Amino acid sequence: MSSQDIPEETLPSKQGEHEGAVAAAGDPFADPGIPPHEPRIQDIDERAARRSERVVAFLFVLSMLATVGFIAAYVSLPVDKNIFVFPIGHISALNFSLGLTLGVALFCIGAGAVHWARTLMSDVEVADDRHPIEAAPEVKAKVMADFAAGAEESGFGRRKLIRNTMFGALALVPLSGVVLLRDLGPLPGTKLRKTAWSEGKMLINQNTQLPLRPEDIQVGSLTFAMPEGLKEEDEDFQKQIAKAALMIVRLRPENIKDKRELDWSADGIVAFSKICTHVGCPISLYEQQTHHVLCPCHQSTFDLSDGGRVIFGPAGHALPQLRIKVNDKGYLEAMGDFAEPVGPAFWERG
Amino acid sequence: MKKLSARRRHPLAAVVVLLFALAVTGGLYAAFAPADTAKADDTAQSLAIEEGKKLYSVGCASCHGTGGQGTSDGPSLVGVGSAAVDFQVATGRMPLQQQGAQAPRKKAIYSQAEIDQLAAYIASLGAGPSVPEKSQYSPDGADIAKGGELFRTNCAQCHNFTGKGGALSNGKYAPSLEDVNPKHIYEAMQTGPQNMPSFPDTTMSQKNKKDIIAYLDTVNSSKSESPGGLELGGLGPVSEGLFAWIFGLGALIAVAIWVAAHTAKAKKS
Amino acid sequence: MSTAADNRRKAPAGERVADWADGRLGIYSLAKANMRKIFPDHWSFMLGEVCLYSFVIIIMTGVYLTLFFHPSMTEVTYHGSYVPLQGMKMSEAFASTMHISFDVRGGLLIRQIHHWAALIFVAAMLVHMMRVFFTGAFRKPREVNWLFGFLLLVLGMFTGFTGYSLPDDLLSGTGVRFMEGAILSIPIIGTYVSMFLFGGEFPGADFVPRFFSIHVLLLPGIMLGLLVAHLILVFYHKHTQFPGPGRTNKNVVGMPLLPVYMAKAGGFFFLVFGLIAALAGLASINPIWAMGPYRPDQVSTGAQPDWYMGFSEGLIRVMPGWEINVAGHTLVLGVLIPLIIFPLVLAAIAVYPFIESWVTGDKREHHLLDRPRNAPTRTAFGVAWLTWYLVLLVGGGNDLWATHFHLSINTITWFVRIAFFVGPVVAFVATRRICLGLQRRDKDKVLHGRESGIIKRLPHGEFVEVHEPLSQEQLHTLTAHEQPKPLELEPEVDENGVARKAGAGQRLRVKLSKGFYGEGTHIPKATAEEYQEITSGHGHH
């Protein structure tokens, strides 16, 4: 191994011993040892030392005052009072004064202690010997012998039946712990494949909570919708909106490049899932001139005029489109659930 | 010019001049008279359109076409409405200095009176959203919390939680909304300037818009409160991380250097 | 110190208490070994203390926060004092965080101290780890402690992530949503893991309480254990030191724990706490009121995790969207590959010490630190890793780079895609060359002395710069490092004529060793002979 190849004299600890060919002049690079201690001003001038003492005491007193200030601020400032502090802005008076006073109170204790250590405590450098971490051979021999004796006395090696059944028992017992985790949640089933959309559900405008009519939606506008019957008060609202959120835009039919997209639209109104197919951020940075929609989380970009195709970024498949029509009463409604699972892809998606 | 000098001799020239003088007088009267009869309004309107057309042909026609029909350099302005003109010109986005990813906000080069004339002219080309009334965009009496929820649903994806702006694809961006005139915010929602989608009254009611404006007025103006202290741009964890490294860890390392440094020796001082 | 007269009388109270404790805890033996333990002084040795202290601050403020925080996702209507959210529906977790921020006096300060300290904690761990890396302090006998430290960094990141998710605000909810998407991409078991973690479909009503116990109990508990082990080993191994006069591999030179280090290290705790408290009073962090409560159909641009997860954010942002559909199953490579590279980025730096020790075959203890320039291959590897990490951080913030430097987000993404592969290589080559340049300068300094800046004109008109010879202390410091020789393949036929073919492993090792220490990887340091020839031949200028 190369450790043997390294010239011994390069090891600092050996340099003192090395008295070879250049011994006459001495090794110019030899370790001269710890330099002699040089006194600080405080070590020789009592007045300087007294000055340091006063500085340390001043810092400690400052800390006391800051703590008093902290308590005073806590008691006197209302929790909702905002003040203007240049250049920070309109900030909470309480947070600002508590932070500063606590900061000063703590910092001054530290600064005092460190100044004390730096100027008044001894700064003589001392060397302490190191000892090898590895045990001496005789220690190791003793440990090995003890271990062999213990192993022998237990009969662990001889009584194989005991050993094997014990391993078996130990291997099985953690299974109870694993089994206990089963009720953390339900099995996936088809949960990720279904949303709250179904045939005949009207598209409810999220802003006004009213059903949408085709004439409400202009070319270049952006509207978000949720299925009829879903209410913010519902217990599973978050779960449902996480899959059902819908983004609606209107394109001129001649601008729609994808035939299926056109078939699934109503008068050029297309409804796409708002949930990114990458990892599920609500995508909706719609550029109305390019018809591109960008995800703010990881910048997957989809073309809403071309079947929601991915044109940039880490998403792996197109945005699902919801098939819609205008019903007899003149409102937009879904013609069924999404044809494919919305949101991020998963193993069983296929 | 030649044509004009030739027509000066036309028998009807005197009549035209007379009519023009009357129109100007009428316009001035309409501008200064407290009474706003429909008749005077109409006259003022047509005068404004006339003035607007002049301004248009000098400043806008090269890109948008002589009749606002649009060219390869600029979209058609037929039917965009006066709100779009007021937004684009009053925020300095138009006239464009150079073609780019998108028109940046600049200092407006037209006065509000000129902008109104331009807007009147464009509005006359085809019906479109008109400049909102103060009562429509004033944040007074609006529901700030509802505005916040609407903002997070409709706007935050591009403009950030509190309207600090954000990136779009290929160099485009959603601008910061800090201290933007409420009127312009209203107009932007109504008309969808450039790549921004529009949020017409049919899908986002006037009340909704007012709520959003009130929310922005609370969280993103020069008098907005940031109780925790320095806002760090309101950009979230990236600026916080940078601040923690530079001012947090940086200050701690500076202190560590002081703690570990050798105290000055008497000999050297 | 008590006077002799005092000692004659009954032992003072403090001594009697100490006696009592010694009889039960054996504190005198412990104190004998440690009370005057020597610690070397260097600012970079205090980075670990920054980690320790910020951890303590996080625990203290965290305990305070648990007194007010309700880890529950039950929906409530907000009626607190922050107007722009009044009447909004939100989870109890969010509402109680609002309560801490606006209605508990000093609650906002403690929350901000907690969060700032967390950011600084992880940053300090990374810098501390880099210090250990670049000075070679991870070498035997400290490899295990290196791993403890590394585990602390990884656990710190995840503790931070779970904590960031607890308030259930729009930003952190988006982060959790990302996590769900990432879990779904795991082949075969992804959907099951997701259902079990969230107690059903995302977001469900369980993740906040579950993350809460992970954040306040499980992970900090493990971290506390590792931290104690880490500190015991630091005491046991004694601190490393830089080479210098009187500093050898067999001693440790510095000042004793009592009193100097007690005052300095103890004082430093207060300095760290004070600075972080002041920071929390001055600068806002994670203003959840501006972000609003989480709803899975809302989002804001600029959605990023805290900085320490930024590199994983970069990985996920720049990955192309590959997806394979085979036999009714989907392999979501666009998410899965970043998920696999994420631990590999961290592992790359964690395993380096073991690679180095295998390549060098060095079995000795090392207590003297290397200057980074004197270990060019290691330094170059470290800089390459940092470059990799930084490139990914840029990727993680690509939208903010785009808006602040007027660039296209697509261009930045492409830049990161290329720099992910090219950046580390360029950094490696450049760093190694810079190290060699610095070694050359050290050698010149040893042989010719320090450039004094004084120009002298020689009698024949030539101008020379006066070089001052170095003191012996400086000469020693600059030549104290070792320059390992590369391993050689043992001869194919041994001295007895028996053929011995080296295995593939051994050959790889020799090859790597050549790459680490072979020709062109170092400037041979000045020898005593060279030095004497120059000093006796020319005399000093």
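The values are calculated or read from the model by the stated rules, or taken from the named source; none is laboratory data. Nothing here was measured: the structure is a model prediction, and the numbers come from that model. Methodologically, a virtual Cβ is constructed for each residue, glycine included, from the backbone with ideal geometry; neighbour enumeration extends over all protein chains shown.
Quick one: which residue in C:V425, C:V416 is assigned to a helix (DSSP H, G or I), over 30 Å from C:Q472 (Cα atoms) and either basic (K, R) or free of Cβ contacts under 8 Å to residues at least 60 places away in the same chain (or both)?
The unique qualifying residue is C:V425.
Does region C:91-110 hold any residues that are outside any helix (DSSP H, G or I) and buried (at least 24 other Cβ atoms within 10 Å of the Cβ), and which are they? The answer is C:S91, and nothing else. Selection within region A:181-193: residues that are in contact (Cβ under 8 Å) with a residue 60 or more places away in the chain and in contact with a helix residue (DSSP H, G or I) (Cβ under 8 Å, 6 or more places away or on another chain). The member of this set that is farthest from the other protein chains (Cβ to nearest Cβ) is A:L192.
Would a scan of region C:304-316 turn up a residue that is in contact with an Asp or Glu (Cβ under 7 Å, 6 or more places away or on another chain), at pLDDT below 95, over 18 Å from C:F428 (Cα atoms) and not assigned by TED's automatic domain parsing to the domain that holds C:R131? Within region C:304-316, not a single residue is in contact with an Asp or Glu (Cβ under 7 Å, 6 or more places away or on another chain), at pLDDT below 95, over 18 Å from C:F428 (Cα atoms) and not assigned by TED's automatic domain parsing to the domain that holds C:R131. One residue stands out among those in region C:29-39 that are of a type outside the set (K, R) and either free of Cβ contacts under 8 Å to residues at least 12 places away in the same chain or surrounded by 20 or more Cβ atoms within 10 Å (Cβ to Cβ) (or both): the one that is nearest to B:T263 (Cα to Cα), which is C:F39. Of everything in region A:73-103, what is within 7 Å of chain C (Cβ to nearest Cβ), surrounded by fewer than 22 Cβ atoms within 10 Å (Cβ to Cβ) and either in contact with a helix residue (DSSP H, G or I) (Cβ under 6 Å, 6 or more places away or on another chain) or in contact (Cβ under 8 Å) with a residue 40 or more places away in the chain (or both)? Give them in sequence order. A:V79, A:L100 - these are the residues of region A:73-103 that are within 7 Å of chain C (Cβ to nearest Cβ), surrounded by fewer than 22 Cβ atoms within 10 Å (Cβ to Cβ) and either in contact with a helix residue (DSSP H, G or I) (Cβ under 6 Å, 6 or more places away or on another chain) or in contact (Cβ under 8 Å) with a residue 40 or more places away in the chain (or both).
I want to confirm something. Restricting to region C:338-372 and keeping residues that are in a helix (DSSP H, G or I) and within 10 Å of chain A (Cβ to nearest Cβ), which single residue is nearest to C:T477 (Cα to Cα)? Here the residue is C:T360. The condition (being modelled with pLDDT of 95 or more, among the hydrophobic types (A, V, I, L, M, F, W, C) and either under 30 Å from C:N286 (Cα atoms) or outside the structural domain of B:K172 (by TED's automatic domain parsing) (or both)) is satisfied by just one residue among B:L232, B:L242: B:L242. Can you find, within region A:205-224, the residue that is farthest from A:I241 (Cα to Cα) among those that are among the polar types (S, T, N, Q) and within 7 Å of chain B (Cβ to nearest Cβ)? Across region A:205-224, the extreme among qualifying residues is A:Q218. Of the helices (runs of 4 or more DSSP H) that lie entirely inside region C:123-205, those containing 2 or more residues that are closer than 18 Å to C:D297 by Cβ and facing chain A (nearest Cβ under 10 Å) span C:170-184. With the condition kept exactly as written, say whether any residue in region C:288-302 is facing another protein chain (nearest Cβ under 7 Å), of a type in the set (A, V, I, L, M, F, W, C), within 26 Å of the chain's Cα centre (by Cα) and not in a loop (DSSP other than H, G, I, E, B). Checking region C:288-302: not a single residue is facing another protein chain (nearest Cβ under 7 Å), of a type in the set (A, V, I, L, M, F, W, C), within 26 Å of the chain's Cα centre (by Cα) and not in a loop (DSSP other than H, G, I, E, B).
Restricting attention to region B:232-269, the residues that are out of contact with any helix residue (DSSP H, G or I) (no Cβ under 9 Å at 6 or more places or on another chain) and more than 22 Å from C:W43 (Cβ to Cβ) total 1.
Of the strands (runs of 3 or more DSSP E) that lie entirely inside region A:80-156, those containing 1 or more residues that are more than 30 Å from C:H237 (Cα to Cα) span A:82-85, A:89-92.
Just checking, does region C:454-465 include any residue being of a type in the set (V, I, T), touching a residue at least 60 places away in the same chain (Cβ under 8 Å) and part of a helix (DSSP H, G or I)? Checked against the condition, which is being of a type in the set (V, I, T), touching a residue at least 60 places away in the same chain (Cβ under 8 Å) and part of a helix (DSSP H, G or I), region C:454-465 yields no hits at all. For region B:214-241, which residues satisfy the criterion of being more than 7 Å from chain C (Cβ to nearest Cβ) and surrounded by 17 or more Cβ atoms within 10 Å (Cβ to Cβ)? Once the filter is applied, which keeps residues that are more than 7 Å from chain C (Cβ to nearest Cβ) and surrounded by 17 or more Cβ atoms within 10 Å (Cβ to Cβ), region B:214-241 yields B:A214, B:L216, B:D217, B:N220, B:S224, B:E225, B:G233, B:S239. Residues in region C:111-121 include none that are surrounded by 21 or more Cβ atoms within 10 Å (Cβ to Cβ), away from chain B (no Cβ under 14 Å), in contact with a Phe, Trp or Tyr (Cβ under 9 Å, 6 or more places away or on another chain) and under 30 Å from C:G199 (Cα atoms).
Just so you know, in region A:266-286 the residues that are more than 16 Å from C:V299 (Cβ to Cβ) and part of a strand (DSSP E or B) include one that is nearest to the other protein chains (Cβ to nearest Cβ), and it is A:I269. Does B:G68 fit the bill of being more than 16 Å from B:E114 (Cα to Cα), surrounded by fewer than 24 Cβ atoms within 10 Å (Cβ to Cβ), without any contact (Cβ under 8 Å) to a residue 60 or more places away in the chain and in contact with a helix residue (DSSP H, G or I) (Cβ under 6 Å, 6 or more places away or on another chain)? Spelling it out, B:G68 is indeed more than 16 Å from B:E114 (Cα to Cα), surrounded by fewer than 24 Cβ atoms within 10 Å (Cβ to Cβ), without any contact (Cβ under 8 Å) to a residue 60 or more places away in the chain and in contact with a helix residue (DSSP H, G or I) (Cβ under 6 Å, 6 or more places away or on another chain). When C:Q241 is tested against the conditions (1) farther than 30 Å from C:H367 by Cα; (2) within 28 Å of the chain's Cα centre (by Cα); (3) buried (at least 23 other Cβ atoms within 10 Å of the Cβ); (4) polar (S, T, N, Q), the lone failure is (1).
Taken over region B:28-50, the criterion of being crowded, with 18+ Cβ neighbours inside 10 Å and at pLDDT 85 or above is satisfied by B:L47, B:A48, B:I49.
Across region C:399-408, the number of residues qualifying as surrounded by fewer than 20 Cβ atoms within 10 Å (Cβ to Cβ) and part of a helix (DSSP H, G or I) comes to 1. Among the conditions (1) closer than 30 Å to C:P220 by Cβ; (2) in a loop (DSSP other than H, G, I, E, B); (3) in contact (Cβ under 8 Å) with a residue 24 or more places away in the chain, C:I113 misses just one, which is (2). Looking across C:K485, C:K501, one residue alone is part of a loop (DSSP other than H, G, I, E, B), free of Cβ contacts under 8 Å to residues at least 12 places away in the same chain and within 30 Å of C:G361 (Cβ to Cβ). It is C:K501. When each of A:K274, A:K325 is tested for being of a type in the set (K, R), within 29 Å of C:T330 (Cβ to Cβ) and at pLDDT 95 or above, the lone residue that passes is A:K274. Against the conditions (1) at pLDDT 70 or above; (2) in contact with a helix residue (DSSP H, G or I) (Cβ under 9 Å, 6 or more places away or on another chain), B:L18 satisfies every one except (2). Taken over region C:385-398, the criterion of being farther than 16 Å from C:L126 by Cβ and assigned to a helix (DSSP H, G or I) is satisfied by C:V394, C:G395, C:N398. When residues in region A:319-350 are screened for being part of a loop (DSSP other than H, G, I, E, B) and over 14 Å from A:E228 (Cα atoms), 19 of them pass.
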